[in-house]
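Q: Dropping the structure in here first, questions after.
The values are calculated or read from the model by the stated rules, or taken from the named source; none is laboratory data. Since the structure is predicted, the reported quantities are computational estimates derived from the model, not experimental observations. Don't worry about glycine lacking a Cβ; one is built from the backbone with ideal geometry, like all the others, and counts go over all protein chains shown. Quick note on the areas: whole protein, heavy atoms, side chains included, nothing else; ligands and nucleic acids left out. Shrake-Rupley method; radii C 1.70, N 1.55, O 1.52, S 1.80 Å.
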Amino acid sequence: MTTSPRWRSVLTLIQLNGLVPIRAQPLYLVNLLASPLSFLFFITIASQGRLLNYGVAGGMILTMLSVGTGLQSDLTHYRHDLKFQDVIVASPVTAPVYLIGMALSEFVYSLPGMAVFLGLWVTMGWANPASAVVLFGALVLVWAFASTLGFTLATYFEDVRETFMFSPLISLGLSVLPPVYYPLAALPGWAQVVARFSPTTYAAELVQSAVGLAPLDATTQLFAWLALFGFTGGLLALSAVRARWREP
Amino acid sequence: MPTAAIVARQLRRVYPRAPPGVAAIDSLDLEVPSGGVYGLIGRNGAGKTTFVRIAATQLKPTSGTLEVLGTDAVRTPERVRPRIACVPQESRPLYFLTVEQAARFNLQLRGFDRRESRRRTTEVLEELSLADVRHRSISRLSGGQRRRVMVAMILATDAELLFLDEPTTGLDPLARREVWAALRRVRREARTILLTTHYLDEAESLSDRLALIEKGRVILEGTPAELRRRVAYPFRVTLRGGFAREELDSFGRVSSVEDGFLVFAQEPAARELARLALERGVQVALGPADLEDIFLEVVGRPIDAEENAPDDGERP
Ligand SMILES: Nc1ncnc2c1ncn2[C@@H]1O[C@H](COP(=O)(O)OP(=O)(O)OP(=O)(O)O)[C@@H](O)[C@H]1O
Ligand SMILES: [Mg+2]
């Protein structure tokens, strides 16, 4: 089998930043399992079990978001403290290859969390081809959005500590304010408008609808897909122009 | 390849938030010939790293033109990148990898298949005496060993043009010489190396040509021998006592050193002084000025002058 150089670069990045460090320190996986599951636990307890289903749907979206924030601090650290980005820039590896490879390597860390959520997904009786397609599509787009955001911001930060300040803000803006863990309708009117500016709102709507928690009509679904694609594509385009691959 | 590896014309870089009028490099003209080692020397903050980062397509110049390997590196960096490799100043390998992984992954990233990557990795680790620690985690290496791994990663590639920004900082004398030997090997392969260093003996013994950068401009350029000829006093005489300072001033430039004087002079004056010293039975050493002397002569004098003169950026 001959592998194209680009594909080989992507596979190498997955190995180098995902598989190798995990094999050296498996506790990484537990760490990433802890945060979405503790949120789920909290929500379930606080709602006396009523919101467990929303927690499961939202937990997967949150997990994809955490791939992006993880990527953001890793890339900032590597770029700033190890000058790794400079090594990569002066090489055949292009920015898109680096972004895809590193985003996939970061995704590896979320696999245990995703496995638990998928288990719950099946337990809830939500497993059917139609909902699986929606879930897959929405999660891939959230992953792509969050990773592109993390990559782009990481080319700006001067210090890893800046990412520690920024990550909670991103989580707040993309997972707490938007109705990832509850139905959109639970928000007051003005907040519903604000939530429309987050791609996770549409991802959550689609997932919640696909499993029958908050069904949407066909037009709204179409609009949600378009919005989710639009945000992700728009951010990718913005990143292509604005990410500081070569320092301006 | 007949074209120069790097041609910079009127290159200028102003960092954001720099004081008004202060450019890290300014009106810099430089031509690095293809093949061989080109040394960049200069004081801290002279602009070496800024130039290296621009040429390695990591930093955008504010103005000026730059051709790298015959391609416009400002407009089409993507055409240059597959053909270059870089050890940035203060770079370190990813600490959770082993030595072998760091070198091999870098090759695989650049598109080599597993077999070729392994072969090249084994070779370079032997060359830089890292074979014994090949399975050790980078996090458990000494600072100098880490630096050597970084150099190994880049030397193992097939890039036509290598940028090494202070590759030997922190290495012991033996390790430095191993890096030198590896660089000479790369030079034999007709590849080009742009090297910055603060070790002037290293710059002199490795470089085919050298540029001395000061305040973002090239103030001396040429082969080490040419540089030596370019300075006012190409000979140094060391005297252990036996003279009064006033006696020496007519021979050249005098500075006091521990238990004696150091005199920089032109050849006839240097010989005359040495003869005089022998007559008086004063311990004396006569020899050509080395790069460090030249460096201090060219760059050192302005340092003294700076104490009271305003910084106007004008240099000889
Ligand atoms: N990221 C930056 N932002 C602002 N100013 C910078 C930046 N990097 C360098 N400078 C300034 O540009 C000038 C040249 O710096 P540069 O790093 O190129 O020097 P250098 O010759 O490599 O020095 P050294 O020998 O210490 O490595 C210095 O005055 C420095 O303060
Ligand atoms: Mg430097």
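Q: Per 10 Å bin, what is the whole-percent P(r) computed from every C-alpha pair distance within region A:3-242?
A: Histogramming region A:3-242 at 10 Å steps yields 8, 31, 36, 20, 6, 0 percent.
Q: Give the residues of region A:119-138 whose amide nitrogen is closer than 19 Å to a point set 7 Å from the Cα of residue A:226 in the direction of its Cβ.
A: In region A:119-138, the label zone of residue A:226 (backbone N under 19 Å from the point 7 Å along Cα→Cβ) covers A:138.
Q: Roll a 1.4 Å probe over the protein heavy atoms and report the accessible area of residue A:147 in Å², nearest 10.
A: Surface open to solvent at residue A:147 totals about 0 Å².
Q: What is the set of long-range amide H partners of residue B:209 at a cut-off below 5 Å, with H atoms built 1.01 Å from backbone N?
A: B:37, B:39
Q: Percent relative contact order of region B:47-186, based on C-alpha pairs within less than 8 angstrom and at least six residues apart?
A: Relative contact order, region B:47-186: 29 percent.
Q: Please list the non-local residues whose amide H lies under 5 Å from the amide H of residue A:211, H modeled 1.01 Å from N, same-chain partners needing a gap of 5 or more.
A: Long-range HN contacts for residue A:211: none found.
Q: So, one more: Accessible area per residue of the protein assembly as shown at 1.4 Å probe, in Å²?
A: Details: 25430 Å² over 564 residues.
For the protein assembly as shown, the solvent-accessible area averages 45 Å² per residue.
Q: Tell me, what ³J(HN,Hα) does each residue in region A:96-107 have, in order and in whole Hz, if you take phi through Karplus 6.51 cos²θ - 1.76 cosθ + 1.60 with θ = phi - 60° and put x for Gly and Pro?
A: x, 5, 4, 4, 5, x, 6, 5, 5, 4, 6, 4
Q: When a/c reaches 1.5 or more, the comparison of a/b and b/c decides; with that in mind, is region A:161-248 rounded, prolate or oblate per its Cα gyration tensor?
A: Taking the square roots of the gyration eigenvalues as a ≥ b ≥ c, region A:161-248 is oblate.
Q: Follow-up. Scan around residue B:220 for amide H atoms under 5 Å from its own, H built in the peptide plane at 1.01 Å from N, and keep only partners 5 or more places away or cross-chain.
A: For residue B:220, the qualifying residues are B:212.
Q: Right, another one. For chain B, what's the relative contact order in percent, using C-alpha pairs closer than 8 Å and at least 6 residues apart?
A: Relative contact order comes out at 19 percent.
Q: A follow-up question, please. What ³J(HN,Hα) values, in whole Hz, does the Karplus curve 6.51 cos²θ - 1.76 cosθ + 1.60 give for region B:52-58 when θ = phi - 60°, with x put for Gly and Pro?
A: So the J values, rounded to whole Hz, are 4, 5, 5, 5, 8, 6, 9.
Q: Calculated FRET efficiency, residue B:79 and residue B:250, Cβ-Cβ r, R0 51 Å, to nearest 0.05? Display every interim value, and only then the final one.
A: Working: r = 58 Å, r/R0 = 1.14.
Efficiency, from the Cβ-Cβ distance: 0.30.
Q: I would also like to ask the following. Most fluctuating residue of A:104, A:19, A:206 in a GNM of chain A with Cα springs under 10 Å: which is it?
A: Comparing A:104, A:19, A:206 in a Gaussian network model of chain A, the most mobile one is A:19.
Q: Would you mind pulling out the separation of the Cα centroids of region A:6-70 and region A:159-182, in Å?
A: Measuring centre to centre over Cα atoms gives 15 Å.
Q: Right, here's the next one. Which whole-Hz ³J(HN,Hα) couplings does region A:45-61 yield from phi under the Karplus relation 6.51 cos²θ - 1.76 cosθ + 1.60, θ = phi - 60°, glycine and proline marked x?
A: 5, 5, 9, 6, x, 5, 9, 3, 5, 5, x, 5, 4, x, x, 5, 5
Q: Carbon and sulfur: what percent of region B:89-142's accessible surface (1.4 Å probe)? Display every interim value, and only then the final one.
A: Details: 1050 of 2550 Å².
The computed percentage sits at 41.
Q: Ok, one more. Between the chain alone and the structure with every protein chain in place, find the residues of region B:65-104 that drop at least 50 Å² of accessible area; heavy atoms, 1.4 Å probe.
A: Output list: B:81, B:92, B:94, B:95, B:96.
Q: Where is the GNM fluctuation largest for chain A (alpha-carbon springs, 10 angstrom cutoff): A:176, A:134, A:87?
A: A:87
Q: Can you give the calculated 222 nm mean residue ellipticity of the protein assembly as shown, where each DSSP H run of n ≥ 4 adds -39,500 (n - 2.57) and the sum is split over every residue, rounded to the nearest 500 deg cm²/dmol?
A: Helix contribution divided over all residues of the protein assembly as shown: -16000 deg cm²/dmol.
Q: Carbon-plus-sulfur fraction of the accessible area of region A:3-242, 1.4 Å probe, in percent?
A: On the way: 7730 of 10580 Å².
Whole-percent figure for carbon plus sulfur exposure: 73.
Q: Next question, about the same structure. Leaving out same-chain residues fewer than 8 places away, which lysines sit with a Cα under 24 Å from that of residue B:215?
A: B:48, B:60
Q: Okay, next question. So for the protein assembly as shown, Kirkwood radius off the Cα pairs, Stokes-Einstein at 4 °C and 1.567 mPa s: how many µm² s⁻¹?
A: Rounded, D is 48 µm²/s.
Q: Identify which of B:78, B:247, B:166 has the largest mean-square fluctuation in a Gaussian network model of chain B, with springs joining Cα atoms closer than 10 Å.
A: Among B:78, B:247, B:166, the largest mean-square fluctuation in the Gaussian network model of chain B belongs to B:247.
Q: Need one number: buried accessible surface between chains B and A, 1.4 Å probe, both sides summed, DNA, RNA and ligands left out, in Å² to 100.
A: Details: alone 15590 and 12760 Å², together 25430 Å².
Summing both chains' loss of accessible area gives about 2900 Å².
Q: I've got another one for you. Percent antiparallel among DSSP beta bridges with both residues in the protein assembly as shown, to the nearest 5?
A: Bridges in the protein assembly as shown are about 65 percent antiparallel.
Q: Taking every residue in B:154-161, how many Cβ atoms of other protein chains lie within 10 Å of its Cβ, on average?
A: What the average comes to for B:154-161 is 1.
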